[in-house]
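A.B. asks: Sharing a structure here in structure tokens format.
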Amino acid sequence: MYFKKSFFLFSFFLFGFISLAQTLAVSGFVKDTNNEPVAFANMLVLQAQDSIAITGTSSDEKGMFTIDKLKPASYILKTSFIGFKDNFKTLNVEEDINGVSITLEESVEALNEVQLVVEKPTLKREADRLVFKVENTALSQGNLVEVLRSTPSVLVLDNTILVKNATPAVYINDRKVHLSSSELIELLQGSSAANIKSVEVITNPSAKYDADSGVVLNIVMSKNLITGYNGSVFSNYTQGVFPKYSAGTSHYFKGDKTNLFFNYSYNNRKDDRVDVENISYPDEEWKTILDKNTWSEAHNLGFNFDYNLNEKSTLAISANAQLLPYFKYLTRSNTDVESNSNSFNKIEAQSLSRDDRQNTGVDLDYDYQLSESSKLSFNSHYTNYDYQRKQNVDSRYFDTLVVIDETAFNVKANQVTNIITSQLDYALTINDKSSFNSGVKFSNVKTESSILQNDIIAGEEVLNEDNTNTFEYDEDVYAAFLDYSYNGEKFTFSAGLRAEQTNISGASSNNEINKQDYLEFFPTANFSFQVSEKVNSYVNYKRSIERPNYTYLNPFAYYLNDNTIVTGNPNLKPIFTNKYLIGTTINNKFTFEVFYRKSNNNFFELPIQDNTENVIVYTPLNIESTEEMGFDFEAYLNITDKWFLYFGSSTYNYKDKGTFSGNSIQLDRWANFSMMSNDFSFLKDNSLTASLTIYYIGKTVQGLQTVNTRWDTYFTMAKTLFNNKASISLSVSDFFNRQDYSRTVRFLDQNSRISNDLDTRYISLGFRYKFGNTKLSTNQRSTSKEELDRLKKEH
């Protein structure tokens, strides 16, 4: 009852502070020093107190301009045009102003031909985040995955994105993108980085983010203020073990009141992976080689439409779809058995799956400017996820070269998920130093899954009742948050509190029932103090949650062969994490941090061997806790005007504690993660650029498993052509072939080692061509929700 009352209090509070505002206009003339008109000059209106751009226009053919719908205030009018110095004029707008004269001076560095200015990436460390600015750099010539691979603290390995040992929530313009790991990578690979402004690595997100966003990667796209149209086409060819290719197009139009964006990309790929399982049963040794090939065709579509209803309100409709009509997954396994008791010594098996998936999301957004200092935002979202799989598995058992037994079965599996969310946020700028945010959110997730297995006996299909099941999952989450921030000259402070009430009901046809009902609070705090002109110190704290993805909760069993099974666990509990951090930045070049993080009920997918049936089962399990403590160092250096270097290193102790078969288990180890990223520019106009990134991940512990050392290398080179309208790029990944790794499980009666040979070594060639007004930036954004990343997990 208390929680429901708080929603009414929030709603009542959010709808206050409505005010009216008068609007004014400024008009004038742009000319050069010879009094000749300057046509099509770019003009931006900036707020005087913080230089934030609020509107813009361009001069017409005669150099005339008009900017209307301005509120009484002080502004800075920035005027720019190629070959001229930027002009800044302060305007105190209390009434309509006519006849403003802008004179542009020719730049002494202006060339006879238009030259491309390519900037170097820059880094800015803040109390709760690292801001990596890449606008107009070499990295913006590729796709979003290539940008993330060169972003400090970010690691892209085996279709998984990590930030300092944690899986982040990925946002685009503060809108969450949540798909499975491979689908997210496909989406980002098909998304151009041409309009990217920066990547924010938010290691201590505020209370406005969902409580399960322990770490956030926010990709900030540039916002356009000038009307016009632009578009682009791109293609990419990649040669790894097998060839892959992608192509796409995007189109953007901005009018006085409307923004319209559309993009489409197509990915066709074949991937290779080889896993080797070495399992020591009490009296037997099994070695299985699983050769896995996947063929896929994916279509990604995005559509955004924004309409300014009036000077105070904006309505937006967004839709994103990912269609995977063709996905074939073939696993060939060969098992050698060393045993004195079994009648067979070799097993050959083949599993062939064909999937059909679609994921469609629609958003409705409404923003209302209550006053100059306050805004109300509403969002409603709907997602439909439909997944269907047909699988056939055949196995043959050999005694030397003689077949002594054969088994076969087929499986039909379906999953339909519907997600509905609604969110209402209120933002208030109290003064030029402090702000307040609050909001409420509701989400509902319904999943219906079914699996039907038929064994093939004497050529006939016979229903296997033990592995035929249905599963229904229903989850409601009610959330509310408060957040306050203060930015002073010497110190900054922000604190927030988020409350989430979770109600869960899961039931399967074999009478497995899972019900959970809990109310949890998630505080966040950031404090930063400017010790001196060159030294800044900060302290962070955050409590967060990670709920199991829906596949982890699904009790169905999927057989890769008769002896290798993947299954879920409907009794999984959520993870609760507390993180503490103290850091210091010196001269904006060096950062030192000490951190401690403890996660209770941590869960992992573990390979558990059944020593009675000689079966290995990959299943998610909760352990008691995971503790991490360590020391981080980062350096951001401009070695020369054409060489930027980032180096980061984290040395940490990772300790897992759990209970297995009634016995306490503890495993810990010191480890190191290091990253070095280099960005270079060449030629007089900097139109040839290159980036080299090297990762090192030392031997570590994760989920009661020991994971061996890995390296990763990534090199990309880009050249702009045709006055920045086109670009070609060349990328090489993992050229030392050191991303492969192995995991070892050794405790109690568990003794296995699993090695992975990944398809990560490749060379890629890309081409992009832009047309229309190439200075425009899109309104592209994600429309997916945080609930979507829990839909499924790849195996």
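The values are calculated or read from the model by the stated rules, or taken from the named source; none is laboratory data. This is a predicted model, so every value here is computed, not measured. So basically every Cβ, Gly included, is an ideal-geometry build from the backbone, and we count neighbours across all protein chains shown. Accessible surface areas use protein heavy atoms only, side chains included; no ligands, DNA or RNA. Shrake-Rupley method; radii C 1.70, N 1.55, O 1.52, S 1.80 Å.
A.B. asks: If you roll a 1.4 Å probe over the heavy atoms of the protein chains, what accessible area per residue do you get for the range 695-749, in Å²?
C.D. replies: I get 43 Å² per residue for the range 695-749.
A.B. asks: Using 0.36 nm per residue, how much length does the chain from T23 to Q358 gain when fully extended, once their Cα-Cα distance is taken away?
C.D. replies: Once the chain is fully extended between T23 and Q358, it gains 115.9 nm.
A.B. asks: Across the range 614-624, in residue order, what do the Karplus-derived ³J(HN,Hα) couplings come to in whole Hz, using 6.51 cos²θ - 1.76 cosθ + 1.60 with θ = phi - 60° and x for Gly and Pro?
C.D. replies: Result, rounded to whole Hz: 6, 10, 10, 10, 8, 9, x, 9, 7, 10, 4.
A.B. asks: Check cross-link reach from K684 to the aspartates and glutamates: straight Cα distance under 14 Å, and skip same-chain residues fewer than eight apart.
C.D. replies: Once the sequence-local aspartates and glutamates are set aside, what remains near K684 is E109, E113, E119, D641.
A.B. asks: Now, a different point. Figure the gain on full extension for L452 and S377 (residue separation times 0.36 nm, minus the Cα-Cα span) and round it to one decimal in nm.
C.D. replies: That works out to 22.5 nm of additional length.
A.B. asks: At 7 Å along Cα-to-Cβ for each site, give me the label-to-label distance between K257 and M676 in nm.
C.D. replies: For the pair K257/M676, the computed spacing is 5.8 nm.
A.B. asks: Shifting gears a bit: Ranked from the most accessible area to the least, with a 1.4 Å probe and all protein chains present, what is the order of W286, W670, W711, W295?
C.D. replies: Descending accessible area places them as W670, W711, W295, W286.
A.B. asks: Find the accessible area per residue for the range 238-365; the probe is 1.4 Å, ligands and nucleic acids are left out, and the unit is Å².
C.D. replies: Dividing the accessible area of the range 238-365 by its residue count gives 43 Å².
A.B. asks: Related question: Under a 5 Å amide H to amide H cut-off, with H placed in plane at 1.01 Å, what residues pair with K71 once short-range neighbours are removed?
C.D. replies: Under 5 Å from the amide H of K71: L24.
A.B. asks: Tell me, how many Å apart are the Cα centres for the range 322-396 and for the range 623-639?
C.D. replies: That distance is 32 Å.
A.B. asks: Next question, about the same structure. Given K579/K699; K292/K719; K573/K655; K89/K534; K589/K657, which pairs have Cα atoms separated by over 26 Å?
C.D. replies: Flagged as over cut-off: K292/K719; K89/K534; K589/K657.
A.B. asks: Given a Förster radius of 41 Å and the C-beta distance between F715 and F491 as r, what FRET efficiency does 1/(1 + (r/R0)^6) yield to the nearest 0.05?
C.D. replies: About 0.50, to the nearest 0.05.
A.B. asks: Between N578 and Q516, what FRET efficiency follows from the Cβ-Cβ distance if R0 is 22 Å, with the result rounded to 0.05?
C.D. replies: Efficiency, from the Cβ-Cβ distance: 0.60.
A.B. asks: Specify whether the C-alpha gyration tensor of the chain places it in the rounded, prolate or oblate class, a ≥ b ≥ c being the square roots of the eigenvalues: rounded for a/c under 1.5, otherwise prolate if a/b is larger than b/c and oblate if not.
C.D. replies: prolate
A.B. asks: A further question follows. With a ≥ b ≥ c taken as the square roots of the eigenvalues of the C-alpha gyration tensor of the range 525-575, please select rounded if a/c is under 1.5 and otherwise prolate if a/b is larger than b/c or oblate if it is not?
C.D. replies: It is prolate, given that a/c is not under 1.5 and a/b is the larger ratio.
A.B. asks: On to the next question. With each run of n ≥ 4 DSSP H residues scored as -39500 (n - 2.57), what mean residue ellipticity at 222 nm is computed for the chain after dividing by its residue count and rounding to the nearest 500 deg cm²/dmol?
C.D. replies: So the helix-based figure for the chain works out to -1000 deg cm²/dmol.
A.B. asks: Classify the range 249-333 as rounded, prolate or oblate from the Cα gyration tensor: take a ≥ b ≥ c as the square roots of its eigenvalues, call it rounded if a/c is under 1.5, otherwise prolate when a/b beats b/c and oblate if not.
C.D. replies: Prolate, because a/c is 1.5 or more and a/b exceeds b/c.
A.B. asks: Relative contact order (percent) for the range 567-679, with alpha-carbon contacts under 8 angstrom and 6 or more residues of separation?
C.D. replies: Rounded, it is 21 percent for the range 567-679.
A.B. asks: Follow-up. Out of the total accessible area of the chain (probe 1.4 Å, heavy atoms of protein only), what percent is carbon and sulfur?
C.D. replies: On the chain, the fraction of accessible area on carbon and sulfur atoms equals 54 percent.
A.B. asks: To continue, here is another question. Normalising by the residue count of the chain, find the relative contact order in percent from Cα pairs under 8 Å and 6+ residues apart.
C.D. replies: Averaging sequence separation for qualifying contacts and normalising by length gives 12 percent for the chain.
A.B. asks: Let me ask something additional. So what is the accessible area of the range 534-582 per residue, in Å², with the probe set to 1.4 Å?
C.D. replies: Counting only protein heavy atoms, the per-residue value for the range 534-582 is 33 Å².
A.B. asks: Something else about it: Roughly how tilted is helix 2-14, in degrees to the nearest 10 and between 0 and 90, from the longest Cα axis of the chain?
C.D. replies: 20
A.B. asks: Still on this structure, I have one more. Once you charge only the Cβ atoms, +1 for Lys and Arg and -1 for Asp and Glu, what is the size of the charge dipole of the range 338-474 about its Cα centre, to the nearest 20 debye?
C.D. replies: Rounded to the nearest 20 debye, it is 500 debye.
A.B. asks: Quick one: if the Förster radius is 22 Å, what FRET efficiency do A53 and F527 give, using the C-beta to C-beta distance and rounding to 0.05?
C.D. replies: 0.15
A.B. asks: Loop only by DSSP, 16 or fewer other Cβ within 10 Å of the Cβ. Give me the GluC sites (Glu not before Pro) in the range 393-500 that pass, ordered by residue number.
C.D. replies: Sites meeting the loop and neighbour criteria: E489.
A.B. asks: How high is the relative contact order of the range 490-624? Use alpha-carbon pairs under 8 Å, at least six apart in sequence, and give a whole percent.
C.D. replies: 19
A.B. asks: Right, here's the next one. Can you tell me the dipole magnitude for the chain around its Cα centre, using point charges on the Cβ only (Lys, Arg +1; Asp, Glu -1), in Debye to the nearest 20?
C.D. replies: Computed charge dipole of the chain: roughly 2040 debye.
A.B. asks: Moving to a separate point now. Starting from the 7 Å offset along Cα-to-Cβ, what nm value, one decimal, do you get for the label separation of N418 and R669?
C.D. replies: 4.7
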